[in-house]
Structure formats: C-alpha cells, structure tokens
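Asker: Below you'll find the structure I mean.
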Amino acid sequence: MRQMAIHDGVFFYHSNCKVPGIVGIAKINKTAYPDFTAWDLHNDHYDPKSTKDNPRWDMVNIQFVEKFKKIIPLKSLYHHEQLQNFPLIRRGNRLSVMPVSLIEWNFIINQL
C-alpha cells in the first residue's frame, strides 16, 4: 500500500462469496497513511502493538471508477499463461493487497 500513487488503478475483488472474482475498478485518490482504527480500543481493528509513533497498519483512499457488467471469476484466471506470476492465483496466497503488473492489468481488462 505504501507504494501506491494517486491515480493508480486497483481491481475491486470479492473474496468471501460463492463466486470469488474481480468485480470492478477503483483508483487511488489518497496515498498511504496510518490506519487510525488500530489505535481505537473500541474498534474491531484495534492493535495494541500499533502506536501513533510506530504505526503497523496503513490505509489508502480509493474512488469508484467502474463496476463490471459481469464478474471475472477467480477460477477463470488460472488458465492463462499471461497470469502465471499473478499473486492472486498463487496457491495459499491470502494477501488482501497485492501488486498487479501492467501486463496482468491489461490482460484482465481485455477479458471483459
């Protein structure tokens, strides 16, 4: 997240559903800053190891760009050589934020 820049595109992905997949696009409109919810005792994201002087978590702000007319299912991404290094399809990968190369981005966009 700390490497994200204003106007960078991001895929919006649904993971906890019947058909996981990419459902749309957003863009970064504010770069990474400390996740202040980690300091709130009453928040589900509270982390006692995170402090204002040494934050452990970051967040970015995103802006809606487009909702796809159809989902691009995760299962359909496994079958393309252009996506062989795409972190989303690596076995055991549970990252919620991951890089997408320009080749991967363009290939996925062209699947629509």
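The values are calculated or read from the model by the stated rules, or taken from the named source; none is laboratory data. If you're wondering where the values come from, they're calculated on a predicted model, not measured in any experiment. No Cβ is skipped: glycine too gets one built from the backbone with ideal geometry, and neighbour counts run over all protein chains shown.
Asker: Which residues, counting only those in the range 66-98, are over 12 Å from P20 (Cα atoms) and in contact with a strand residue (DSSP E or B) (Cβ under 7 Å, 6 or more places away or on another chain)?
Answerer: Once the filter is applied, which keeps residues that are over 12 Å from P20 (Cα atoms) and in contact with a strand residue (DSSP E or B) (Cβ under 7 Å, 6 or more places away or on another chain), the range 66-98 yields E66, K67, F68.
Asker: Within the range 12-34, can you find the residues that are in contact with a Phe, Trp or Tyr (Cβ under 8 Å, 6 or more places away or on another chain) and either loosely packed, with under 15 Cβ neighbours inside 10 Å or in a strand (DSSP E or B) (or both)? Don't jump to the end; show me each part of the working.
Answerer: Step one: of the range 12-34, the residues in contact with a Phe, Trp or Tyr (Cβ under 8 Å, 6 or more places away or on another chain) are 20-26, 34.
Matches in the range 12-34: G21, I22, V23, G24, I25, A26, P34.
Asker: Further question on the same structure: Looking at the range 55-67, can you tell me whether even one residue there is among the basic types (K, R), at pLDDT 95 or above and not in a loop (DSSP other than H, G, I, E, B)?
Answerer: Just the residues of the range 55-67 that are among the basic types (K, R), to begin with: 56, 67.
In the following step, the residues that additionally are at pLDDT 95 or above were identified as 56, 67.
With not in a loop (DSSP other than H, G, I, E, B) added as a condition, the list becomes 67.
Yes, the range 55-67 contains a residue that is among the basic types (K, R), at pLDDT 95 or above and not in a loop (DSSP other than H, G, I, E, B).
Asker: Tell me yes or no: at least one residue of the range 25-40 is among the aromatic types (F, W, Y), farther than 30 Å from L112 by Cα, without any contact (Cβ under 8 Å) to a residue 12 or more places away in the chain and touching an Asp or Glu at 6+ places or on another chain (Cβ under 7 Å). Give the steps one after another, and end with the answer.
Answerer: Within the range 25-40, the subset among the aromatic types (F, W, Y) is 33, 36, 39.
Within this subset, residues satisfying the condition of being farther than 30 Å from L112 by Cα are 33, 36, 39.
Keeping just the survivors that are without any contact (Cβ under 8 Å) to a residue 12 or more places away in the chain gives 36.
Now narrow it down to the ones that are touching an Asp or Glu at 6+ places or on another chain (Cβ under 7 Å): none.
No, the conditions are met nowhere in the range 25-40.
Asker: Additional query: May I ask you to verify whether F36 is within 19 Å of N106 (Cβ to Cβ) and among the hydrophobic types (A, V, I, L, M, F, W, C)? Don't jump to the end; show me each part of the working.
Answerer: Working: within 19 Å of N106 (Cβ to Cβ): no; among the hydrophobic types (A, V, I, L, M, F, W, C): yes.
It is false that F36 is within 19 Å of N106 (Cβ to Cβ) and among the hydrophobic types (A, V, I, L, M, F, W, C).
Asker: Quick one: what pairs do we get from the range 1-16, first residue farther than 15 Å from S96 by Cα and free of Cβ contacts under 8 Å to residues at least 40 places away in the same chain, second among the aliphatic types (A, V, I, L, M) and not in a loop (DSSP other than H, G, I, E, B), C-beta under 7 Å, 6+ apart or different chains?
Answerer: A5/I28; I6/I28; H7/I28; D8/I28
Asker: Looking only at residues in the range 94-112 that are polar (S, T, N, Q) and under 19 Å from E66 (Cβ atoms), which one is nearest to the chain's Cα centre (by Cα)? If you could, list the steps in order and put the result at the bottom.
Answerer: The initial filter retains those residues of the range 94-112 that are polar (S, T, N, Q), namely 96, 101, 106, 110-111.
Adding the requirement that they be under 19 Å from E66 (Cβ atoms) leaves 106, 110-111.
On the way: N106: 16, N110: 19, Q111: 19 Å.
Only one residue fits best here, namely N106.
Asker: For the structure I just gave you, tell me whether Y46 is of a type in the set (S, T, Y) and within 21 Å of L95 (Cβ to Cβ).
Answerer: On the way: of a type in the set (S, T, Y): yes; within 21 Å of L95 (Cβ to Cβ): no.
Judged against the criteria, Y46 is not a match.
Asker: Report the residue count in the range 68-84 for those that are outside any helix (DSSP H, G or I) and loosely packed, with under 12 Cβ neighbours inside 10 Å.
Answerer: Looking only at the range 68-84, we keep the residues that are outside any helix (DSSP H, G or I), and these are 68-73, 78-80, 84.
Filter again for loosely packed, with under 12 Cβ neighbours inside 10 Å, leaving 69-70, 79, 84.
So the count comes out to 4.
Asker: Separate question: Going through P87, P55 one at a time, which residue ends up being over 15 Å from the mean Cα position of the chain (by Cα), without any contact (Cβ under 8 Å) to a residue 24 or more places away in the chain and within 25 Å of I6 (Cβ to Cβ)? Let's see the steps before the verdict.
Answerer: Details: P87 fails: over 15 Å from the mean Cα position of the chain (by Cα).
Just one listed residue meets the conditions, P55.
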